[in-house]
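Remarks on the structure that follows.
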Number of protein chains: 2
Amino acid sequence: MLDPLFDYIQRYGKQLLSEAEKERIRRIMLPKRLRRKQYFLEEGKVCTYTGFIVRGATRQFSVDEQGNEHILQLAIENWWITDRDSYMNRTPSKYFIEAWEDTELLLMPRERLDELLEIPAIKGMFWQMSENNHIASQKRLDDTISLPAIKRYEHFEQLYPEIVQRFPAHQIASYLGIARETLSRARSRSLR
Amino acid sequence: MLDPLFDYIQRYGKQLLSEAEKERIRRIMLPKRLRRKQYFLEEGKVCTYTGFIVRGATRQFSVDEQGNEHILQLAIENWWITDRDSYMNRTPSKYFIEAWEDTELLLMPRERLDELLEIPAIKGMFWQMSENNHIASQKRLDDTISLPAIKRYEHFEQLYPEIVQRFPAHQIASYLGIARETLSRARSRSLR
DNA sequence: ACTTCACTGTGACCTTTGTCAACAGGCGTT
DNA sequence: AACGCCTGTTGACAAAGGTCACAGTGAAGT
């Protein structure tokens, strides 16, 4: 079960893991199963784990005063899920993270993060993730303020075809910040 | 001239700098002046420096096919300016960074980044910056997909009152992804 | 002093998108 | 088989925001 994680760490940390290091990781990471619709994180709670998805799919969202959900992340295998702010700074989260399919995770407990970061490949990976996340959210932001709804959808579809397959359209619409009807119409129009 | 930078590094890196380290930094960082409207980075070029603003103000923006500008960052003293993707991965940038006021910078050359990262406080600061940037762009994204134009402006004003003072309204509007007229109307309406 | 230019505000109009509502298909549960 | 529930689609209408045009102000440059 840890192999996808080891692969991931070695790829993004740009270093190989020794057997001893793997063993150390094995002892720290906690396996966890979530059933569809179960929460990984709820608003107001501190996000004490960062999770690595081995199998399944999750969504992260906030809920505004009117009760509307706004999706910030849709994640599948080999993605990390967390509220970075809450996890790093131990502050209450504004977000929910919910399993959208039955999901298997590996959890990185916040209180053992420093131990894990002693492993060079993990440190490198963490660095790279932070970097990549920052770059990706910058691009998403650029799209969001620059492009009309349809274009944003097209970009998204091109970037994450598998996500589009596995989540219903109204979730994608929420991720893009548009109404599900708008997405539906945009799609049918772009077929002609 | 380097004192604001040293303060910044110690604050965000959560470690003090020795005199030897300060000397090392002094030898690597390049002072640079930009006059108003001069470019720090142009689209298509690789961003070979990351700049620390000692005095002045800059804006980072992309230009779409219709020639419209979309502002990604408005920066003043004690902010870093760079295209992270271009800088880290040495790829051509999609962005412009332009001095909005006469500006004094300290430049961190990409080819000497590894040297600088040997200094623990700098490594810590870099980490923290990446973290903070990611968290900030996540919040901005959440606002952008969740809130109507006026609310976004109010949030922004509350978060960065000094930026609002120093940049003209049409730049702020572009940062928020709205037309300058919309912002103008929103402002006059919220006074009543 | 005069011109120019950048910036802001406002009205009229149009486009895009959101909202509300109704409907239909699929799918699992009982 | 019957019932919900989730999902996607479509229409009618409303609201938000964009576009275009014009005017006024003030600062900078000549």
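Here is how the number arises for the protein assembly as shown: DSSP H runs of 4 or more residues each give -39500 (n - 2.57), the sum is divided by the residue count, and the result at 222 nm is -15000 deg cm²/dmol. Percent of accessible area on segment A:3-128 owned by carbon and sulfur, 1.4 Å probe? The value for segment A:3-128 is 46 percent carbon and sulfur by accessible area. A loss of 20 Å² or more of accessible area (1.4 Å probe, protein heavy atoms, ligands and nucleic acids excluded) relative to the isolated chain is seen in these residues of segment B:143-184: B:T144, B:I145, B:S146, B:G177. Take A:E115, push a point 7 Å out from Cα through the beta-carbon direction, and compare it with the same point in every other copy: 3.9 nm, smallest first. Mean silhouette area of segment A:26-133, derived from the convex hull of its C-alpha atoms and averaged over all directions, reads 6.7 nm². Comparing each chain alone with all protein chains together (probe 1.4 Å, DNA, RNA and ligands left out), the residues of segment A:68-103 losing at least 10 Å² of accessible area are A:H70, A:L72, A:R84, A:D85, A:M88, A:N89, A:K94, A:Y95.
In the assembly of identical copies, A:K14 has its label point, taken 7 Å from Cα in the direction of the beta carbon, separated from the corresponding points by 2.5 nm (ascending, one decimal). Sorted shortest first, the distances from the A:R26 label point to those of the same residue in the other copies are 5.3 nm; each point sits 7 Å from Cα along Cα-to-Cβ.
For the pair B and A, the buried accessible area comes to roughly 3100 Å² in total, with a 1.4 Å probe and the value rounded to the nearest 100. Taking a cut-off of 17 Å, what percent of all Cα-Cα pairs in segment A:147-192 are separated by more than that? Summing the P(r) of segment A:147-192 above 17 Å gives 21 percent of all pairs.
Under a model in which nothing but the beta-carbon of Lys, Arg (+1) and Asp, Glu (-1) is charged, chain A shows a dipole of about 420 debye around its Cα centre. Of the Cα atoms belonging to segment A:111-192, the radius of gyration and Dmax stand at 17.2, 56 Å. In plain terms, if you count all Cα to Cα distances in chain B and split them into 10 Å steps from zero, the share in each step is 9, 33, 35, 18, 5, 1 percent.
Can you check what the net charge comes to around A:I119, using other residues whose Cβ is under 14 Å from the Cβ of A:I119 (Lys, Arg +1; Asp, Glu -1)? Numbers along the way, then the final one.
On the way: positive: A:K14, A:K22, A:R24, A:R26, A:R27, A:R112, A:K123; negative: A:E19, A:E21, A:E23, A:D114, A:E115, A:E118.
Every neighbour counted, the sum reads +1.
Find the accessible area per residue for chain A; the probe is 1.4 Å, ligands and nucleic acids are left out, and the unit is Å².
Details: 9590 Å² over 192 residues.
Ligands and nucleic acids excluded, the result is 50 Å² per residue.
Cα centroids of segment A:143-192 and segment B:1-41: 43 Å apart.
Note that segment B:1-68 carries a Kirkwood radius of 14.7 Å, evaluated over its alpha carbons pair by pair. In the protein assembly as shown, if every C-alpha pair distance is counted and binned at 20 Å from zero, what percent goes to each bin? In whole percents, the pair-distance histogram is 25, 57, 18, 0.
The values are calculated or read from the model by the stated rules, or taken from the named source; none is laboratory data. In this text the structure is predicted, and so the values were computed from the model without any measurement. Methodologically, a virtual Cβ is constructed for each residue, glycine included, from the backbone with ideal geometry; neighbour enumeration extends over all protein chains shown. Surface areas here come from the heavy atoms of the whole protein model, side chains and all, with no ligands, DNA or RNA. Shrake-Rupley method; radii C 1.70, N 1.55, O 1.52, S 1.80 Å.
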